[in-house]
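Novice: The following block contains the structure, expressed as structure tokens.
The values are calculated or read from the model by the stated rules, or taken from the named source; none is laboratory data. Keep in mind that what you see is a predicted model, and the values were worked out from it rather than measured. Cβ: placed from backbone, ideal geometry, glycine included. Neighbour counts: every protein chain shown.
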Amino acid sequence: MSDFDISDESLMEAVNKGDLNAFEQLVRRHQSWVWKIAYRFLGNSDEASDITQDAFLRLLDASRHYRVTAKFRTYFYRIITRLCIDHARKNRAVPIDSLPDIPAPGPSQIDRLEHQELESGIQKALDALPPEYRMVIILRYFEGLSGVEIANAVKKTPKGVERLLARARKNLELSLYPYSQKITDDYEGESDDSPV
Amino acid sequence: MYCVDIQSRFGDFIAGQLARHEREQVLAHLQECEACRTTLGNVDRLAAILSQTECPPVPSRLTARIMAAAGKRRSESVTADWNPLKWWRGATAPMQAAATITMIIGLGLGCILGWTSTSSPSSAATGAKSEPLDIYQLDFLGDLPSGSLAGSYLALIAVTSEGGH
Ligand SMILES: [Zn+2]
């Protein structure tokens, strides 16, 4: 029987009985997506690792109260979203001026730097969003969750989530406008170049 | 259906997560409403922009780090769990009251018995109750036939207590 034949829920029951090997299996299975949510949300690798560790320790502590009624992933989404949002509220946004400077480009680096600039622009736009807006955007666009799944994760109604998403999109569209123009131009440029 | 209701479904619409009849409703509305078509274009474009970002790989030491912290947490919780008075905190108020009363009665009884056992020999020493039957309250042995083992024992302590005076 491979590790993945055992459901997350069964592993949680084993963790409840003190089985740390079962816990390690859960860590290996889920650390990647949990860390990525934290990284996208916080924009910092070390902080993302801290939050991921906290999330798993919460899971360990909560194993005695865990009931198989809730799907494991839904349950864990709640833990990680809560921790990220609380962390963001405690540590107000880093002023953009204090972000590290990107070194001056050499000619061969220009493409890569353009991409870096785009990524850092997107990260800054995300960081500027209120924490709840930022989280619903991450869950929707990077995790691909449906409205109902996001609602379960952030403990809101699906309608409430759609309202949050609509406002978050408006904010992002404004701050990402220059990049969206560039992407459209690039796309149209490529279409013009292509042979008919 | 209002534009706001239709637009609230755009995320699920793009992700292909709408039920068939909902999808058809959205498509029918889009054919007639230019404002919603524009909004959908923006949502789509946002998805395109966000898809340009890459996430760095997960740090290789993350599992080891989490497991070390988990092991520490488990051993701490085992130590915290050992508490001789844990039952007291877990007990209900009536149980605690009953336990307190039982303890007071037990202590009181112990004091009284201790006090009577130390004061009785002194009253025996006055001579008012010099009979072993009275001193040691062995009257249940009183009507034993003389010559039996218990009878001989009574006779022996009677002699000893007289010798003691
Ligand atoms: Zn409309």
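Novice: Which of the residues belonging to segment B:1-49 are near the ligand (Cβ under 9 Å from one of its atoms) and closer than 16 Å to A:Glu173 by Cβ?
Specialist: The answer is B:Gln7, B:Ala35, B:Cys36, B:Arg37, B:Thr39.
Novice: Now for a different question. Quick one: in segment A:55-71, of everything that is surrounded by fewer than 20 Cβ atoms within 10 Å (Cβ to Cβ) and at the interface with chain B (Cβ under 9 Å from one of its Cβ atoms), which residue is farthest from the chain's Cα centre (by Cα)?
Specialist: Taking the candidates together, the pick is A:Asp61.
Novice: Determine, yes or no, whether B:Gly151 is part of a helix (DSSP H, G or I) and at pLDDT 85 or above.
Specialist: So B:Gly151 fails the test.
Novice: Right, next: Could you list all residues from segment A:113-133 that are over 19 Å from A:Ile85 (Cα atoms) and more than 13 Å from chain B (Cβ to nearest Cβ)?
Specialist: Selection gives A:Leu113 alone.
Novice: Does segment B:15-24 hold any residues that are modelled with pLDDT of 85 or more and surrounded by fewer than 13 Cβ atoms within 10 Å (Cβ to Cβ), and which are they?
Specialist: Result: B:Ala19, B:Arg20, B:His21, B:Glu24.
Novice: Does A:Arg78 satisfy being surrounded by 13 or more Cβ atoms within 10 Å (Cβ to Cβ) and modelled with pLDDT of 80 or more?
Specialist: yes
Novice: In the list B:Leu62, B:Leu27, B:Leu50, which residue meets the criterion of being more than 10 Å from every other protein chain (Cβ to nearest Cβ) and either surrounded by fewer than 17 Cβ atoms within 10 Å (Cβ to Cβ) or at pLDDT 85 or above (or both)?
Specialist: B:Leu27
Novice: Could you check segment A:26-53 and list, in sequence order, the residues that are crowded, with 19+ Cβ neighbours inside 10 Å, over 15 Å from A:Tyr77 (Cβ atoms) and either assigned by TED's automatic domain parsing to the domain that holds A:Tyr133 or not small (Gly, Ala, Ser) (or both)?
Specialist: Across segment A:26-53, the qualifying residues are A:Val27, A:Tyr39, A:Leu42, A:Gln53.
Novice: All but one of (1) in contact (Cβ under 8 Å) with a residue 24 or more places away in the chain; (2) away from the ligand (no atom under 16 Å from the Cβ); (3) of a type in the set (Asp, Glu) hold for B:Glu54; which doesn't?
Specialist: (1)
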